[in-house]
Amino acid sequence: MQVFLIKYLSIMAVAVLFTACAVKPPVQEMAEARSAIESAQQISNNSPKAKLILKSAEASLKEAADAIDMERYEKARRKAVEAKRKAQKAARIQRSSTRSN
């Protein structure tokens with residue numbers, strides 16, 4: 001009986017540890033991605049390449065939101081970071097083509 005109790009408590013302790021270390025929604029990454037997209041949208045430019053990349057950033061952000069809804073937080077984090085990078089790239093392209101015009 002005592003061995004069973006020790007095993008049970010050990011299993012419960014491990015379960016509590018895993019629960020405590022559970023992944024949380026990527027709130028910060030989502031906010032940063034949204035902000036980067038909004039910033040890129042505010043730069044007025046007609047660069048087709050930048051528009052295409054910005055659309056891709058918006059799609060990645062949508063995928064991140066969908067992943068959060070499904071509680072797939074690691075995928076959501078990756079997609080949010082991807083959206084931010086794409087939005088930043090679009091903004092760089094827009095700025096550089098604005099300077100050259």
Proxy reagent accessibility, fewest Cβ within 10 Å first, across Glu71, Glu29: Glu71, Glu29
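Can you work out the FRET efficiency for the pair Ala65 and Arg95, with r the C-beta to C-beta distance and R0 = 35 Å, to the nearest 0.05?
About 0.80, to the nearest 0.05.
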J(HN,Hα) series, region 87-92, from Karplus relation 6.51 cos²θ - 1.76 cosθ + 1.60, nearest Hz, glycine and proline x: 5, 5, 5, 4, 5, 4
Theoretical gain in end-to-end length, Ser10 to Lys55 [0.36 nm per residue, Cα-Cα removed]: 11.2 nm
Exposure proxy order (Cβ contacts within 10 Å, fewest to most) of Ser97, Ser39: Ser39, Ser97
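How large is the translational diffusion coefficient of region 24-100 in µm² per second when you combine the Kirkwood radius over alpha carbon pairs with Stokes-Einstein at 25 °C and 0.890 mPa s? Write out the running numbers ahead of the final one.
Numbers: Rh = 12.2 Å.
Using the Kirkwood radius from Cα pairs, D works out to 201 µm²/s.
FYI, it's all coordinate maths here, none of it is from the lab. Because the structure is a prediction, the values reported are computed rather than measured. Quick reminder, even Gly has a Cβ in these numbers, built from the backbone with ideal geometry, and neighbours come from all protein chains shown.
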